[in-house]
Amino acid sequence: MGPLVGIVMGSESDLDVMKGAAEMLRQFEVEPELTIVSAHRTPGRLKVYAKKAKERGLKVIIAGAGGAAHLPGMIAAHTIIPVIGVPVKSSNSIDGWDSILSILQMPYGVPVATVALNGAKNAGILAAQILALHDTSIAGKLEAFKEYQDDIVKESAKNVKNMGFRNEFD
Ligand code: RP5
């Protein structure tokens with residue numbers, strides 16, 4: 001079976017952040033494809049990637065970029081596949097706000113599901129949640145992940161209590 005999730009980013013310099021999406025998906029045993037597509041430097045490649053995504057079997061696209069971050073929105077302009085946008089705090093970004101607003105403030109008719117600045121891991125989880133709507137195996141792994149997070153927080157609460165802080169809740 002071909003990849004169900006496509007991860008694209010504007011530059012190799014985004015990889016440190018964007019590989020977080022791939023790492024999360026792998027935790028749920030989803031192997032995504034990952035490549036570089038730049039809205040500004042490779043507009044033709046962007047159009048082909050987005051137009052062919054559906055026939056290639058992709059179900060979700062995660063797109064990350066920084067600065068004047070037009071990649072997620074322009075991918076969404078060319079396809080009906082859900083696009084999750086990751087604003088990247090890149091070297092050319094003014095504090096990340098340019099990336100956030102470029103991806104978040106899409107016009108009516110062309111939605112992009114925008115995660116937090118550098119939030120590629122959440123993009124991976126959200127993509128898995130979309131796939132889980134039709135895949136009980138991924139759904140089970142997501143449920144286990146929720147329980148794991150619950151355990152981690154309870155463990156932290158126990159540690160803090162053992163430090164001598166009053167806690168009559170646990
Ligand atoms: C954006 O410009 C890329 O997505 C990257 O975040 C940023 C800087 O790109 P490089 O100059 O490092 O290639 O288009």
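Would you confirm, using the coordinates I've provided, whether Phe169 is surrounded by fewer than 17 Cβ atoms within 10 Å (Cβ to Cβ), closer than 30 Å to Val8 by Cβ, of a type in the set (Phe, Trp, Tyr) and not assigned by TED's automatic domain parsing to the domain that holds Ala69?
No: the conditions fail for Phe169.
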*Got a sec? Which helices (runs of 4 or more DSSP H) wholly within the range 84-168 have at least 2 residues that are over 13 Å from the mean Cα position of the chain (by Cα) and of a type outside the set (A, V, I, L, M, F, W, C)?*
97-104, 136-162
*Criterion: away from the ligand (no atom under 13 Å from the Cβ) and surrounded by fewer than 16 Cβ atoms within 10 Å (Cβ to Cβ) - qualifying residue of Ala132, Ala77, Ala157, Ala123*: Ala157
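The values are calculated or read from the model by the stated rules, or taken from the named source; none is laboratory data. The structure presented is a predicted model; accordingly, all values stated were derived computationally and were not measured. Heads up, the Cβs are rebuilt from the backbone with ideal geometry, glycines too, and the neighbour counts pull from every protein chain shown.
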